[in-house]
Amino acid sequence: MTHPDPQVTRRTLMTLLAGLPLLTATRPAAAAPSLAFDELYSKFGVLGLEFSEKVKSLAGQEITIKGFMAPPLKAEAAFFVLTEIPMSICPFCSTDSDWPDNIVVVYLGEKQTFVQPSQTIEARGVLEFGSWTDPETGFVSLLRLRNAEYASV
């Protein structure tokens, strides 16, 4: 009875194992679900805007959304407002009852250079919904992306 050469078996095994990281590294990452402005709210109810089932189901998950960057309140802001259409002034709201149905506040994970209001961007971050007041700025929001980043499209 012959036994396999231990060097050949070991070499074959090492070759197979060395290829495994390449196999896993080349698999595409799962794309984040996207959300569109017309999917944010289901209707205007008795209490005002009602979040859509899609927003509720995606809360706490990383999502992408395309829109336009409203001019920031100040140059060194760590957040901006993403709007459905280009705006030349910031749609700053004093209360959530004045909240427009076509904006999302984007809180950046890291500072980025702001872009022109006419440039389409795609923001990616963790979706949150519900009334929240930023303690630092007093800015009130109903929809937010946290730990976000963006890129021109």
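Every number here is computed from the coordinates shown, using simple stated rules; none is lab data. Since this is a predicted model, take the numbers as computed values, not measurements. Cβ: placed from backbone, ideal geometry, glycine included. Neighbour counts: every protein chain shown.
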Note, ³J(HN,Hα) from phi for the stretch 132-148, Karplus 6.51, -1.76, 1.60, rounded to Hz, x at Gly and Pro: 8, 10, 5, x, 7, 10, x, 5, 9, 9, 9, 10, 9, 10, 10, 6, 9
A correct fewest-to-most ranking of Ile103, Ile121 by other Cβ atoms within 10 Å would be Ile121, Ile103
For a footprinting-style exposure proxy, rank Thr83, Thr137, Thr113 by other Cβ within 10 Å, fewest first. Thr113, Thr137, Thr83
